[in-house]
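Novice: Take a look at the following structure, please.
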Amino acid sequence: IPQQYSKYLASLNERQREAAFSDITTPLMIAAGPGSGKTSTMVGRILVLLSEGIDPSNILAMTFTTAAASEMRERISTVAGKMAAKDLNICTFHSFSLQLCRSHADKLGRTHEFSVFGQGQQRRAVIEAMRLLGNETSGQNNELCKLEEDPITIASTHYCKDKSKKWQKFVTQAKASGKTPGYFTRMGNDIGAAILKHYNETLTTCNSLDYHDLISCSVKLLSDFPEVLKECQNLWKAIIVDEFQDTSSMQYKLLQILASHDHITIVGDDDQSIFSFNGADTSGFDSFREDFPNYKEIRLNKNYRSTRCIVEAAASLIQNNVKRCQLKDVLTDNSLGSKITIKECHNEDAQCMFVIDKILEAISGEPPETASFGNFAILYRRQVSGKVFQAAFRDRKIPFNIHGVAFYRKKVVRVIFSMLNTTLTGCDDGHYRRVFKGLLPLSKEEKKMVVNHIDKISTIRKCSFLTAAFDIFNAKISGTFKRSQLTQGRKLLSTLDMIKDIVQREQSLSTVITSVANMIPQRFLLEQRAIVDNDGGKFLNEDSDLRSVIQYLLDDVASFISIHSATEEYGHEKEERGCLNILKAFIDFISEREKRNFRSRINDNENSVALTTIHQSKGLEWDIVFIVKANESEIPLIHEFTGVPKEDGSSLEEERRLFYVAMTRARKKLFILYVTVDSTWQILQPSRFFKEIPVELLDFQISTGTLKNPANKQCITEEARPDECYVNHTNMSVKDASIMVETSNGNNFLKR
Ligand code: ATP
Ligand code: MG
């Protein structure tokens, strides 16, 4: 064993080492709580396999988020060197399946270039199905669209919105569990069956798959084509799965088939299962026990990550869950550490101020408590709660990175990607539609009119958006457009040709992206900025500045190249075909990452504060963690549409697990903040979960002022405990919106 490997392995404890060295042909299950070194053990196991002479390219390590995958690759490359780490197949379920499906696309009735449907495309396809069926039933059925509803505007109006949301959810769930239209027919759900059938047909005609298809098609490839299975079995000598609790039943099936030689290791913690909306299902542990009866189980029971205070608080929280499949002892040798601070803030601004003060205090104290901004994380339930922090951090010049998808959700970026996508797929109207809306140098209203008209023509003539646009702008169809609009349209069509040309000609992805991005008209950028300005002026600066957008993209190209060593992999074809192939791989990489909630700038997180949703914080750790807006309605989340709390037991338990994941990210100090009023002066309650943490582990800090309603009735005193606040808050009516906040010395310091 190379020296650096043995040094790493020696740092593991006895049980971890036992797991790392255990025989590869015996199925292994490591079930353990947060911070107990599960991932560290996996890394150890991979090192052992490498030292036994197994080729890195024969090891398949799967996990749930791309962030976790890169983290693991990084950990291995520090010990085993970049080369070995590069050849390892560390991937998510989806990137694994995407690769497999691409290589055997012909067996799935697709071509190698198939695209992957996103949410928006899925929604459109569902609406289209509802509309067609609505027509067939002459608009008799309330579940479908009415005949008179304008097909074009359905998506953007409320007509069909709730219904289509419902059906989209139905389709997603059906696909996640691998159900076919036939199943729903048998269940007597004819509409469901028909919608699903239409939806699947759309996927086929568009040469597309959706995210759930990727998994189920992989299962199909492995079960229906013995040669594919054989190929995989020859390739994967070891299969290791982290965060196993998040696998759906379909993903489990994939594993089960792949691991028919028992060479599988699974690692997980059922208490951290937080993706049930994605079909995750902790019964996977039970299935594993059944399907791999000669399995060996190793439990890790020592938390190395967090202070005793945090470990105990989290343990007592999670005890309130009834549905747990493995009860784990929690031990830690770490010191008690300081109490968990529960901080009440008047509103989100105050909350933000508190966090900033704490961070700056720790960084600039004498002696500084910590030297790096990278030791802090701010976790929230919903992405929107991060907004106020972004703005404030920018003002105060505190470096931060937003984990996840924010960047790739920007309109400008989406237009750039759609421009690139038009060079890949023939039939994806969504991309063309977005490009037209982005690039036509017309007013917003004009653009909308033009795009709607193209849509209408394409529906009437049953042709693609592009064909319709082509015929309109080349005056093959008499239309209502002004001459200038036709000219602009024709210009745009030739721009599309130009993009194709660039992709086919240029050899470097960076050049392609830069040239394509530079085609975005100034007008569109200004438009975006105006929208942004209306958003409270919080995002004006760099966000819609094209140069920084391009820089961001180029950074991602660089990290894509380094991860996939794309230059080598795609080198040959590059010569002949420009960078079409590598572009396709890059788009897959980004969309996979976006979908799986990658923290988008993994490289610059070393000295910047992490802003992340709890879901995306999975498997990661920081010295000091702030869980913000820990209010009822946020965590547990109140259901958006019905306004009814998710009182049903299982979702409440999932919310509790989520809070558990959040708490256990902290190494040294945990702050939990909640606000008393939201931006509309709606009174908010503190999270019910606080009551589940032993009081002696908590340090309550009630906001420095006294919150009074206009009648000057005291609502919260400085001595009050959250339980009492809770009562007082409920007594206050929402009408008392002009709340004043009075400091202890009697001055009003916040007044709206
Ligand atoms: P999670 O459930 O959150 O994914 P995990 O079980 O995967 O957690 P790791 O991330 O592997 O835990 O480890 C948590 C921390 O404990 C890391 O900082 C790791 O370096 C440290 N650690 C793990 N094992 C040991 C050990 N034997 N000795 C010292 N530190 C350890
Ligand atoms: Mg882990």
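The values are calculated or read from the model by the stated rules, or taken from the named source; none is laboratory data. Since the structure is predicted, the reported quantities are computational estimates derived from the model, not experimental observations. In this analysis, Cβ positions are derived from the backbone assuming ideal geometry, glycine residues included, and neighbour counts consider all displayed protein chains.
Novice: Would you pick out the residues in region 216-248 that are within 16 Å of ligand 1 (Cβ to nearest atom) and assigned to a helix (DSSP H, G or I)? Steps first, answer last, please.
Specialist: From region 216-248, those within 16 Å of ligand 1 (Cβ to nearest atom) are 240-247; that's our starting set.
Hits for region 216-248 are F244, Q245, D246.
Novice: Restricting attention to region 633-673, which residues are modelled with pLDDT of 80 or more, touching a Leu at 6+ places or on another chain (Cβ under 7 Å) and either hydrophobic (A, V, I, L, M, F, W, C) or at negative phi (or both)?
Specialist: Result: I635, P636, E655, R656, F659, Y660, A662, M663, R665.
Novice: Give the residues of region 291-348 that are acidic (D, E) and within 16 Å of ligand 1 (Cβ to nearest atom), sorted by residue number. I'd like the intermediate steps shown before the answer.
Specialist: If we filter region 291-348 for residues that are acidic (D, E), which is where we start, we get 291, 297, 312, 329, 333, 344, 348.
Matches in region 291-348: E297, D329, D333.
Novice: Select from region 91-119 the residues that are in a helix (DSSP H, G or I) and among the charged types (D, E, K, R) and list them in ascending order. Don't jump to the end; show me each part of the working.
Specialist: Let us first name the residues in region 91-119 that are in a helix (DSSP H, G or I), namely 93-103, 105-108, 119.
Correct list: R102, D106, K107.
Novice: Continuing with the same structure: Looking at L50, L60 in this structure, which one is touching a Leu at 6+ places or on another chain (Cβ under 9 Å), away from ligand 2 (no atom under 16 Å from the Cβ) and not in a strand (DSSP E or B)? Give the derivation first.
Specialist: Values: L60 fails: not in a strand (DSSP E or B).
That would be L50, the only listed residue that is touching a Leu at 6+ places or on another chain (Cβ under 9 Å), away from ligand 2 (no atom under 16 Å from the Cβ) and not in a strand (DSSP E or B).
Novice: If you go through region 233-251, how many residues are modelled with pLDDT of 90 or more and either within 16 Å of ligand 2 (Cβ to nearest atom) or surrounded by 24 or more Cβ atoms within 10 Å (Cβ to Cβ) (or both)?
Specialist: Residues meeting the conditions: 7.
Novice: For region 23-55, which positions are within 16 Å of ligand 1 (Cβ to nearest atom) and among the polar types (S, T, N, Q)?
Specialist: Here is the first cut: in region 23-55, the ones within 16 Å of ligand 1 (Cβ to nearest atom) are 28-48.
Listed by number, the residues that qualify are S36, T39, S40, T41.
Novice: Okay, moving on. Would you kindly identify the helices (runs of 4 or more DSSP H) lying entirely within region 393-499 that contain at least 3 residues that are farther than 23 Å from I590 by Cα and basic (K, R)? Full working, then the answer.
Specialist: Values: elements: 406-409, 411-421, 429-439, 444-461, 465-473.
By residue number, 444-461.
Novice: Testing M72 on (1) buried (at least 19 other Cβ atoms within 10 Å of the Cβ); (2) more than 25 Å from T282 (Cβ to Cβ); (3) within 15 Å of ligand 1 (Cβ to nearest atom), one condition comes back false. Which one is that?
Specialist: Result: M72 fails condition (2) only.
Novice: Could I ask something else about it? Within region 89-98, can one find any residue that is within 16 Å of ligand 2 (Cβ to nearest atom) and hydroxyl-bearing (S, T, Y)?
Specialist: Checking region 89-98: at least one residue is within 16 Å of ligand 2 (Cβ to nearest atom) and hydroxyl-bearing (S, T, Y).
Novice: Right, next: Whether any residue in region 586-600 is within 16 Å of ligand 2 (Cβ to nearest atom), modelled with pLDDT of 60 or more and touching a Gly at 6+ places or on another chain (Cβ under 7 Å) is what I want to check.
Specialist: no
Novice: Of the residues in region 615-624, how many are away from ligand 2 (no atom under 11 Å from the Cβ) and more than 11 Å from V355 (Cβ to Cβ)? Steps first, please.
Specialist: Pass one, region 615-624, residues away from ligand 2 (no atom under 11 Å from the Cβ): 615-617, 622-624.
Keeping just the survivors that are more than 11 Å from V355 (Cβ to Cβ) gives 615-617, 622-623.
So the answer is 5.
Novice: May I pose another question? Residue check: is D471 out of contact with any strand residue (DSSP E or B) (no Cβ under 9 Å at 6 or more places or on another chain), acidic (D, E) and surrounded by fewer than 19 Cβ atoms within 10 Å (Cβ to Cβ)?
Specialist: Working: out of contact with any strand residue (DSSP E or B) (no Cβ under 9 Å at 6 or more places or on another chain): yes; acidic (D, E): yes; surrounded by fewer than 19 Cβ atoms within 10 Å (Cβ to Cβ): yes.
Considered against the rule, which asks whether it is out of contact with any strand residue (DSSP E or B) (no Cβ under 9 Å at 6 or more places or on another chain), acidic (D, E) and surrounded by fewer than 19 Cβ atoms within 10 Å (Cβ to Cβ), D471 comes out as yes.
Novice: Within region 262-284, how many residues turn out to be part of a helix (DSSP H, G or I), away from ligand 1 (no atom under 16 Å from the Cβ) and of a type outside the set (G, A, S)?
Specialist: Going through region 262-284 one residue at a time, the tally reaches 2.
Novice: Which of the residues spanning region 1-18 are closer than 30 Å to I318 by Cβ, within 11 Å of ligand 1 (Cβ to nearest atom) and part of a helix (DSSP H, G or I)? Quick ask: steps written out before the conclusion?
Specialist: Restricting attention to region 1-18, the residues satisfying the condition of being closer than 30 Å to I318 by Cβ are 11-18.
Retained after the next criterion (residues that are within 11 Å of ligand 1 (Cβ to nearest atom)): 11-17.
If the condition is that a residue be closer than 30 Å to I318 by Cβ, within 11 Å of ligand 1 (Cβ to nearest atom) and part of a helix (DSSP H, G or I), then E14, R15, Q16, R17 are the ones that fit.
Residue-wise test of (1) without any contact (Cβ under 8 Å) to a residue 24 or more places away in the chain; (2) surrounded by fewer than 23 Cβ atoms within 10 Å (Cβ to Cβ); (3) under 16 Å from K302 (Cα atoms).
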site: S6; (1), (2), (3): yes, yes, no
site: N13; (1), (2), (3): no, yes, yes
site: E18; (1), (2), (3): no, yes, yes
site: I30; (1), (2), (3): no, no, yes
site: P34; (1), (2), (3): no, no, yes
site: T39; (1), (2), (3): no, yes, yes
site: R45; (1), (2), (3): no, no, no
site: V48; (1), (2), (3): no, yes, no
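Novice: Here is a further query. Working only within region 657-700, note down all residues that are within 27 Å of C325 (Cβ to Cβ), of a type in the set (K, R) and either over 24 Å from the mean Cα position of the chain (by Cα) or more than 16 Å from ligand 1 (Cβ to nearest atom) (or both).
Specialist: R688, K691
Novice: Here's a follow-up. Looking only at region 615-632, how many residues end up being at pLDDT below 90 and within 16 Å of ligand 1 (Cβ to nearest atom)? Break it down into steps so the answer makes sense when it comes.
Specialist: Start the filter on region 615-632 by keeping residues that are at pLDDT below 90, which leaves 615-620, 632.
Still in the list and also within 16 Å of ligand 1 (Cβ to nearest atom): 615-620.
Residues that pass the stated criteria total 6.
Novice: On the given criteria, is S164 hydroxyl-bearing (S, T, Y) and touching a residue at least 60 places away in the same chain (Cβ under 8 Å)? Even if it seems obvious, please write down each step before you answer.
Specialist: Details: hydroxyl-bearing (S, T, Y): yes; touching a residue at least 60 places away in the same chain (Cβ under 8 Å): no.
Criteria not met by S164.
Novice: Something else: For the subset of region 85-99 comprising residues that are crowded, with 22+ Cβ neighbours inside 10 Å and aliphatic (A, V, I, L, M), which member is farthest from D588 (Cα to Cα)?
Specialist: Residue satisfying both the conditions and the ranking: L88.
Novice: On the basis of being within 29 Å of the chain's Cα centre (by Cα), among the charged types (D, E, K, R), away from ligand 2 (no atom under 13 Å from the Cβ) and more than 13 Å from I239 (Cα to Cα), does K38 make the cut? Spell out how you get there, then give the answer.
Specialist: Details: within 29 Å of the chain's Cα centre (by Cα): yes; among the charged types (D, E, K, R): yes; away from ligand 2 (no atom under 13 Å from the Cβ): no; more than 13 Å from I239 (Cα to Cα): yes.
Spelling it out, it is not the case that K38 is within 29 Å of the chain's Cα centre (by Cα), among the charged types (D, E, K, R), away from ligand 2 (no atom under 13 Å from the Cβ) and more than 13 Å from I239 (Cα to Cα).
Novice: Another question, then. Take region 331-381 and flag every residue that is in contact with a Pro (Cβ under 9 Å, 6 or more places away or on another chain) and not charged (D, E, K, R).
Specialist: I342, A362, F373, G374
Novice: Pairs, please: C-beta under 9 Å, at least 6 apart or cross-chain, first residue under 12 Å from Y295 (Cα atoms) and in region 253-267, second of a type in the set (D, E, K, R) and within 16 Å of ligand 2 (Cβ to nearest atom)?
Specialist: T265/R45; I266/D242
Novice: I'm trying to understand the selection: among the residues of region 149-176, which are at pLDDT below 80 and not charged (D, E, K, R)?
Specialist: P151, I152, T153, I154, A155, S156, T157, H158, Y159, C160, S164
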